[in-house]
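Working notes, structure below.
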Amino acid sequence: MTDVMILGGARTPFAVWAKGERPDGQKGGALAALDPFDLGAAALKGALEKSGVPGDRLERLAFGNCYHVGPHACYGARYVGLRAGLPESLTGVTVNLACGAGLQALLSAADDVADGRARLAAAVGADSSSNVPRNVFVPSFKDVSCGQNIAETAQAVARELGFSRDEQDAWALRSHRRAALARQKGWLAEEIVPTGGASADDAIREQASEEFFAQSKRLYETGDATHGNTHAIVDGGSALVLAAPGQAAGRQVLGRYVGGAVAGVPPARMAEGSVAAIRKLLAQLKLSAADVDLFEINETFASQMIIGVKELGLDPEKVNVNGGALALGHPFGGTGGRLVLTLLKELKRRGLKRGVASICVGAGLGIAAAVEAV
């Protein structure tokens, strides 16, 4: 086994889907003309450029995609590579772990490097919710294994643990305020490559207020899940470039991949998927949560975030310090790469070392990855 270095990464802007509305009142859909292959290819080209790696040096491509859109979705990673202008000799594999597909792509690509199957590899993830048929997209949020919508499962666990609507709205407000500040400081722009005419995320509420979240419409007739404290639906992609140590020599290195884990919980307790995955990963690495400097945990729902922070005993000031998917949006397969990229850049800014990224996944799964800044 060999170390796995992360040379760099990039992502597209995260753009509100075509059926949604941006905070400025304008219709969404800035990236709706692009399919997941286009989004993944744009992120990959950006990641290669930022990493200083010629595309013809890549030996493996893993592509994470949740919603396989259109008749050519079966070509997955192959189309991403070809649309990025990479050689026809490049091989790739498409992976799907629903919301966790992007992190699963990282685990898969890292295994290829660690086992010596590739010296340079890319982990790419993307989804275009704008192009998913409504009769597929809307029903997909109901987990038939437990007979509930995933938002309802998260709300049930939150109620069981005594977490209020006010707490959930407060976390959502925090997410938007921190994301807005990160954008003002130029930190989000460091991650983004302009794509399809868009150059910035467009789901962040610059003027977020307590009143907005208090008045936000419920997703269902009962419960505390609202449009405000649930992740924004966006189109987008992300990519990371991985290398064996010998290929990293002489290059600027963003970080090191340390390990990954996938865990299962009862489907009705999907909101605890990240908790289980992080605990499993930390046990593998013989670490405690206190040994981790920063966490990036996908904000599927504010309720799920509060559950995770409380059950893991985390200091909130070490979690999603630049906001999360409640503000930036969650482009499903595009999220995993964004989490890791954000995490490594922030560790470097703060002079810290160790980070963990995690995503809870519908039907009762969770995935986590540990990285170190170098």
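The values are calculated or read from the model by the stated rules, or taken from the named source; none is laboratory data. On a predicted model such as this, the values are computed, not experimentally measured, just so you know. Note that each Cβ is placed from the backbone with ideal geometry, even for glycine, and that neighbours are counted across all protein chains shown.
Please verify whether Gly29 is in contact with a Phe, Trp or Tyr (Cβ under 7 Å, 6 or more places away or on another chain) and surrounded by fewer than 20 Cβ atoms within 10 Å (Cβ to Cβ), treating the condition exactly as stated.
Criteria met by Gly29.
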Would you confirm, using the coordinates I've provided, whether Arg178 is at pLDDT 95 or above, out of contact with any Lys or Arg (no Cβ under 7 Å at 6 or more places or on another chain), buried (at least 22 other Cβ atoms within 10 Å of the Cβ) and among the charged types (D, E, K, R)? no
Return the only residue of Ala363, Ala368 being within 29 Å of Ser140 (Cα to Cα), part of a loop (DSSP other than H, G, I, E, B) and in contact with a strand residue (DSSP E or B) (Cβ under 9 Å, 6 or more places away or on another chain). Ala363
Name, by its number, the condition in (1) part of a helix (DSSP H, G or I); (2) buried (at least 23 other Cβ atoms within 10 Å of the Cβ) that does not hold for Val356. (1)
Select, from Phe63, Phe14, the only residue that is modelled with pLDDT of 95 or more, of a type outside the set (S, T, N, Q), in contact with a Lys or Arg (Cβ under 9 Å, 6 or more places away or on another chain) and within 27 Å of Gly116 (Cα to Cα). Phe63
Just to be sure I understand, how many residues within the range 177-197 are without any contact (Cβ under 8 Å) to a residue 60 or more places away in the chain and more than 18 Å from Pro331 (Cβ to Cβ)? 3
Does the range 198-210 include one or more residues that are in contact with a Gly (Cβ under 8 Å, 6 or more places away or on another chain), in contact (Cβ under 8 Å) with a residue 12 or more places away in the chain, acidic (Asp, Glu) and assigned to a strand (DSSP E or B)? no
From the set of residues in the range 311-344 that are charged (D, E, K, R) and assigned to a helix (DSSP H, G or I), which is surrounded by the fewest Cβ atoms within 10 Å (Cβ to Cβ)? Glu317
So which of Gly237, Gly255, Gly250, Gly197 ends up being under 30 Å from Gly55 (Cα atoms), exposed (fewer than 15 other Cβ atoms within 10 Å of the Cβ), modelled with pLDDT of 95 or more and out of contact with any Pro (no Cβ under 6 Å at 6 or more places or on another chain)? Gly197
Within the range 261-300, can you find the residues that are of a type in the set (S, T, N, Q) and closer than 22 Å to Gln168 by Cβ? Ser274, Asn298, Thr300
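Run down Gly8, Gly81 and say which single residue is touching a residue at least 12 places away in the same chain (Cβ under 8 Å), assigned to a helix (DSSP H, G or I) and either among the small types (Gly, Ala, Ser) or in contact with a Cys (Cβ under 6 Å, 6 or more places away or on another chain) (or both).
Numbers: Gly8 fails: assigned to a helix (DSSP H, G or I).
After applying the criteria, what remains is Gly81.
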Output the number of the condition that Arg218 fails; it satisfies all remaining conditions of (1) under 28 Å from Glu311 (Cβ atoms); (2) in contact (Cβ under 8 Å) with a residue 24 or more places away in the chain. (2)
Condition first: of a type in the set (Ser, Thr, Tyr) and buried (at least 24 other Cβ atoms within 10 Å of the Cβ). Now tell me which residues in the range 83-106 satisfy that. Thr94
Tell me, which residue of the range 273-310 that is surrounded by 24 or more Cβ atoms within 10 Å (Cβ to Cβ) and among the polar types (S, T, N, Q) is nearest to the chain's Cα centre (by Cα)? Asn298
Which of the residues belonging to the range 114-153 are surrounded by fewer than 19 Cβ atoms within 10 Å (Cβ to Cβ), under 30 Å from Arg251 (Cα atoms) and touching a residue at least 60 places away in the same chain (Cβ under 8 Å)? Ala114, Asp115, Gly116
